[in-house]
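A.B. asks: Pasting a structure below so you can have a look.
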Amino acid sequence: MESHEYDVVIVGGGGAGLRAAIELGESFPKLRIAVVSKVYPMRSHTVAAEGGAAAVIKSNDSLENHCHDTVSGSDWLGDQDVIETFVKEAPDELIRMEHWGCPWSREPNGQVAVRPFGGMVIERTWFAADKTGFHMLHTLYQTALKFQSLKWYDEWFVTKLLVDNGRCQGVAAIELLTGQLHAILGKAVILCTGGAGRLFPFTTNGAIKTGDGMFLAYQAGVALKDMEFVQYHPTGLPGSGILITEAARGEGGILTNKDGYRYLQDYGLGPPEPFRKRAMELGPRDRLSQAFVQEEAKGRTISTPFGSAVYLDLRHLGEATINKKLPFVRELSKNYAGIDPVYKPIPVRPVIHYVMGGVDTDVEGATVVPGLYAAGECACISLNGANRLGSNSLTELLVFGRRAAHAAAQFAAENPALASEKLKAQASDEQERIASQFIRKQGGNERVATLRLELNRLMEAGAGIYRSGDGLQKACSGIAALKDRFRNVALDDRSLSYNTELISVLELEFLLDIGQSLLHSALCRTESRGSHQRTDHTARDDQKFLKHSMAYRTDAEPRIEYKDVVITRWPPKERVYGK
Amino acid sequence: MKPYIRPMPRDWWLQRLPYLSFMAREVSSIFVAAYVVVFMVMLSRISQGPEAYQAFLASLESSLAIFFHVVALAFALIHTLSWFSLTPKAMMLYIGENRVPSGLILGSHYVAWIAISAFVAWILLN
Amino acid sequence: MANNAPNGTIRLEIFRYSPDKGEEPKFQTYEVPFREEWVVLDAINYIKDELDGTLTYRWSCRMGVCGSCGMMINGIPKLSCAAFLREYYPKPIRVEPLANFPVTRDLVIQLDDFIGKLKSIQPWIVRKDGEKPVSEGVYLQSPAEHARFKDFSMCINCMLCYSACPVYGLEKEFLGPAAIALAQRYNMDSRDQGRSQRQEVVASHEGIWQCTFIGECSAVCPKHVDPAAAIQQAKLSSTIDWFQEVLWPWGGKK
């Protein structure tokens, strides 16, 4: 068993992982850092974020505003201490991105420009045209290349956390190139592996978003928090699920039904005129996606070969604005929908976009397992609660990537010992498990793709925009049956070098467990809040459910417990938009 | 875990039209150079007096010389056109936030070319 | 989710190489359903899921921005997520790994060489006096200054340009289109002061002067980065540098 020793091991090379890496390289240059990523860092899905990153920078805005927007956006399920920290640190983080070269779009006077975004009372979203995530990711990656203390493990897939004596001390990871499993030991480990949109069939998320870090922590005994809250982005291209950014609406795009009517006014988001923020098309994503389903039920959507849709109309913005502010929207619509938004409205429908839930952490990114930290979409630090506001997540990567790096560095300094031999033995066992369970396995007749597709269908049927107790119950039984069938899975590919089918089967194993935690959390939450809407429990129930769901892994079904939400300055109220 | 290295085939430049036209541009420079040599010879003959120049002119009337000039002209045109087509890439000009469109840069080159050629022709014909 | 009913099939001839077996590569043919809205990547995913789980390739975002899925499609480097089957149908499609790179397995190429080159051009903002404190806010940058490097900042590192560049095919030392474009991206950024330290690599023999201006890097670039322009621009400014040093040595280096 080959092994490598570091002070801090970062798993994931997206926005959060790279921000953590830069912080460690810059503030703790003596520490040896490993960045372990299953893809080359610039392939990470941060790359696909489009609209922007929120932070208070203009004099007409205030931290108070941003806090309140985020609290009410979260349907009061966000922890308010976390939200206050986030809002306070957000501007500095975006300024640092600017210093590192992020090509933020500018005003004529050279200051950064901001645009309106859904659920925000004022424009505060920094943007780089409509490729903000792409520019942030490449800026972070290229800046991180500067630090000699960072060792890059590109295309290494982490299969297990190495935990000894209750303390996380590294990871077991397969080098894709050779197929060999190594023990990468570290005094602290930060998980930054992103979300799990690939649980669902119709998602904006890339193929790599399989909830790896969520599973790793869940397996190590950390709760997955608030997993039932999954965001449908209201505007994805039918069929492919490719994202059409909320910035399209921030810049003035409107949503219309088959009659050209701005239907959002019928769902508590109007009236349509005059144009204002926190209303109509600039309402929060959960409300907009729910309005779509209602409109569909009334038969007022259009039909496409890929299901029903509504129109996102940008024509009135004109070609010059579209080219300047939304060039990627135009490119994507033309390429993948055959529609030029300058001349025609784009058909769109809600699409799985973001998992609010994730690895339970405190405001420093620390989990209950000493030495284990998490940041970014894989973590649930309780910034986003029951519904994330668009453009808060890119900033979240930075604020909490940095904080987790600090906490991890400090922990590593205080806990220098590594139980190397025991950890290596664990990694050997892990290698043997993978070899016997998949590579050398005899028999079995289930295909990876078949099981994955069935999981996807089951998740969509049970845990879509609207959920019911019956539907969730059925999905819970369905996923238990799928987990049984998973034991019978057999790979076509038994080779060592670059075995992508092996990676797929491990990802599927992760997804099955995460999906189960999601379904059980949803089943137990008998209320409607934010993105979790129950047809059999339609009201928010603060008495019983102003609480975080905590799903713990057991040998059978997950155990669901609850944890109080932190309320500081904004007691629960009704969520009001459109006024 | 040996990676597979694919050698560049010898005829790589025949496999795609853009590569072939690149090679044509490279080859065209030989003819342009050859023409320059002929041109230098002409200048030297002029300096040697009218008789030498007349003899030189007579030698140009051979079918071989005419053939060479036709071919050289063709390659000189290829050379010019292929380089002109690259000018918008080499010249990154901006007006405020907008890059000057490549058509404009290309067009200006052709206009300048025609104007200079016309000027030279005017001097020669007068 | 309803799908368009397949009308007929299309044949894909895919390059296969397995390092474990140590055999010469071969082409393997697959018949997949033809769907109007499918890209080559969809067809390859269909093969992986339904026909042959051993087929090996990279992909993720399927929207042309992560840069993973570059392949030679009928001999031309393309993102397979942006190449529609309908552009080739009913003729067969030949799919190979990106040219000019060592092949790890099937359609997966090795890009360590590029990562090293990327790092060598110092793709980060350099300030002579260090980064200014956050409390002083952002560096001002006008929209016109932003426009000078914007196109070069669009590179997704997909490697199509290296694959289209015969110079890189013949001379692996060549710094190559994307790395030079990214160097130019920082050189042209009004916030950066690192050009002179990048010049050592960029203006070396293995840098811009290897380029013979074939221009295919720009032709195949899916993001309109125009690396050929970046290289010519760098040649021009390096030439100006040289003249300044020779003719005006007391002028000092920029």
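A.B. asks: Given segment A:63-165, what helices (runs of 4 or more DSSP H) lie entirely inside it while holding 2 or more residues that are surrounded by fewer than 24 Cβ atoms within 10 Å (Cβ to Cβ), at pLDDT 95 or above and more than 9 Å from chain C (Cβ to nearest Cβ)?
C.D. replies: On the way: elements: A:63-73, A:80-99, A:132-144.
Answer list for segment A:63-165: A:63-73, A:80-99.
A.B. asks: Continuing with this model, one more query. Go over the candidates B:ALA90, B:ALA52 one by one and state the one that is of a type in the set (Gly, Ala, Ser), modelled with pLDDT under 90 and open to solvent by less than 60 Å² (accessible area, probe 1.4 Å).
C.D. replies: Numbers: B:ALA52 fails: modelled with pLDDT under 90.
Unique residue meeting the criteria: B:ALA90.
A.B. asks: Considering only residues of segment C:33-90 that are without any contact (Cβ under 8 Å) to a residue 12 or more places away in the chain and part of a helix (DSSP H, G or I), which is farthest from the other protein chains (Cβ to nearest Cβ)?
C.D. replies: If we take residues in segment C:33-90 being without any contact (Cβ under 8 Å) to a residue 12 or more places away in the chain and part of a helix (DSSP H, G or I), then C:GLU87 is farthest from the other protein chains (Cβ to nearest Cβ).
A.B. asks: Can you tell me which residue among A:SER528, A:SER521, A:SER504 is within 14 Å of another protein chain (Cβ to nearest Cβ) and among the hydroxyl-bearing types (Ser, Thr, Tyr)?
C.D. replies: Numbers: A:SER528 fails: within 14 Å of another protein chain (Cβ to nearest Cβ); A:SER521 fails: within 14 Å of another protein chain (Cβ to nearest Cβ).
Of the residues listed, the single one that is within 14 Å of another protein chain (Cβ to nearest Cβ) and among the hydroxyl-bearing types (Ser, Thr, Tyr) is A:SER504.
A.B. asks: Same structure, new question: One residue is enough: does segment A:394-405 have a residue meeting the conditions touching a strand residue (DSSP E or B) at 6+ places or on another chain (Cβ under 6 Å) and more than 17 Å from A:LEU191 (Cβ to Cβ)?
C.D. replies: yes
A.B. asks: Of these, B:SER44, B:SER82, which one is within 11 Å of another protein chain (Cβ to nearest Cβ), part of a helix (DSSP H, G or I) and either in contact with a Gly (Cβ under 7 Å, 6 or more places away or on another chain) or not aliphatic (A, V, I, L, M) (or both)?
C.D. replies: Numbers: B:SER44 fails: within 11 Å of another protein chain (Cβ to nearest Cβ).
Of the residues listed, the single one that is within 11 Å of another protein chain (Cβ to nearest Cβ), part of a helix (DSSP H, G or I) and either in contact with a Gly (Cβ under 7 Å, 6 or more places away or on another chain) or not aliphatic (A, V, I, L, M) (or both) is B:SER82.
A.B. asks: Do you know which residues across segment A:394-437 are among the acidic types (Asp, Glu) and either open to solvent by 60 Å² or more (accessible area, probe 1.4 Å) or under 30 Å from A:ASN488 (Cα atoms) (or both)?
C.D. replies: Step one: of segment A:394-437, the residues among the acidic types (Asp, Glu) are A:396, A:414, A:421, A:429-430, A:432.
A:GLU414, A:GLU421, A:ASP429, A:GLU430, A:GLU432 - these are the residues of segment A:394-437 that are among the acidic types (Asp, Glu) and either open to solvent by 60 Å² or more (accessible area, probe 1.4 Å) or under 30 Å from A:ASN488 (Cα atoms) (or both).
So that you can scan it fast, the table gives a plain yes or no per residue for (1) away from chain C (no Cβ under 14 Å); (2) of a type in the set (A, V, I, L, M, F, W, C); (3) surrounded by 24 or more Cβ atoms within 10 Å (Cβ to Cβ):
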{"residue": "A:LEU191", "(1), (2), (3)": "yes, yes, yes"}
{"residue": "A:GLY194", "(1), (2), (3)": "no, no, yes"}
{"residue": "A:GLY197", "(1), (2), (3)": "no, no, yes"}
{"residue": "A:THR204", "(1), (2), (3)": "no, no, yes"}
{"residue": "A:PHE215", "(1), (2), (3)": "yes, yes, yes"}
{"residue": "A:VAL230", "(1), (2), (3)": "yes, yes, yes"}
{"residue": "A:GLY250", "(1), (2), (3)": "yes, no, yes"}
{"residue": "A:GLY253", "(1), (2), (3)": "yes, no, yes"}
{"residue": "A:ASN257", "(1), (2), (3)": "yes, no, no"}
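A.B. asks: Taking the criterion of being within 10 Å of chain A (Cβ to nearest Cβ) and buried (at least 20 other Cβ atoms within 10 Å of the Cβ), would at least one residue in segment C:157-172 satisfy it?
C.D. replies: Applying the first criterion (within 10 Å of chain A (Cβ to nearest Cβ)) to segment C:157-172 yields C:157-158.
Now restrict to residues that are buried (at least 20 other Cβ atoms within 10 Å of the Cβ): C:157-158.
Yes, the conditions are met somewhere in segment C:157-172.
A.B. asks: List the number of the failed condition for A:THR554; all other conditions in (1) among the hydroxyl-bearing types (Ser, Thr, Tyr); (2) open to solvent by less than 20 Å² (accessible area, probe 1.4 Å); (3) closer than 25 Å to A:THR367 by Cα hold.
C.D. replies: Here A:THR554 meets the rest and fails (2).
A.B. asks: Related question: Test A:ALA449 against the criterion of being in contact with a helix residue (DSSP H, G or I) (Cβ under 7 Å, 6 or more places away or on another chain) and assigned by TED's automatic domain parsing to the domain that holds A:THR538, and give yes or no. Before you say what the answer is, go through the steps one by one.
C.D. replies: Numbers: in contact with a helix residue (DSSP H, G or I) (Cβ under 7 Å, 6 or more places away or on another chain): yes; assigned by TED's automatic domain parsing to the domain that holds A:THR538: yes.
Criteria met by A:ALA449.
A.B. asks: May I ask you to list the residues in segment A:388-411 that are touching a Cys at 6+ places or on another chain (Cβ under 9 Å) and more than 14 Å from A:GLY25 (Cα to Cα)?
C.D. replies: Kept after step one, since they are touching a Cys at 6+ places or on another chain (Cβ under 9 Å), are these residues of segment A:388-411: A:397, A:401, A:404.
Within segment A:388-411, just A:LEU397 meets the criteria.
A.B. asks: If we keep just the residues of segment C:207-237 that are under 30 Å from C:GLY130 (Cβ atoms) and of a type outside the set (Gly, Ala, Ser), which is most open to solvent (accessible area, probe 1.4 Å)? Show your work before the answer.
C.D. replies: Within segment C:207-237, the first condition is being under 30 Å from C:GLY130 (Cβ atoms), and the residues that meet it are C:207-208, C:225, C:230, C:233-234, C:237.
Now narrow it down to the ones that are of a type outside the set (Gly, Ala, Ser): C:208, C:225, C:233.
Details: C:ILE208: 0, C:VAL225: 5, C:GLN233: 26 Å².
Out of the qualifying residues, it is C:GLN233.
A.B. asks: Also, quick follow-up: Residues being open to solvent by 50 Å² or more (accessible area, probe 1.4 Å) and closer than 20 Å to C:ARG16 by Cα: count how many of those fall in segment A:472-515.
C.D. replies: 3
A.B. asks: Cβ-Cβ distance below 8 Å, separation of 6 or more or different chains: which pairs start in segment A:559-579 with a residue that is free of Cβ contacts under 8 Å to residues at least 40 places away in the same chain and on the phi < 0 side of the Ramachandran plot and end on one that is in a loop (DSSP other than H, G, I, E, B) and open to solvent by less than 40 Å² (accessible area, probe 1.4 Å)?
C.D. replies: Once the first residue is free of Cβ contacts under 8 Å to residues at least 40 places away in the same chain and on the phi < 0 side of the Ramachandran plot and sits in segment A:559-579, its partners that are in a loop (DSSP other than H, G, I, E, B) and open to solvent by less than 40 Å² (accessible area, probe 1.4 Å) give A:ASP564/A:LEU546.
A.B. asks: Additional query: Can you pull out the residues in segment A:241-259 that are more than 22 Å from A:ASN323 (Cβ to Cβ) and either free of Cβ contacts under 8 Å to residues at least 12 places away in the same chain or charged (D, E, K, R) (or both)?
C.D. replies: A:LYS258, A:ASP259
The values are calculated or read from the model by the stated rules, or taken from the named source; none is laboratory data. It should be emphasised that the depicted structure is a prediction, and the values quoted were computed from it without experimental measurement. A quick note on method: Cβ atoms are made from the backbone with ideal geometry, for glycine too, and the neighbour counts reach across all protein chains shown. In case anyone asks, the SASA skips ligands and DNA or RNA and just uses the protein heavy atoms, side chains included. Shrake-Rupley method; radii C 1.70, N 1.55, O 1.52, S 1.80 Å.
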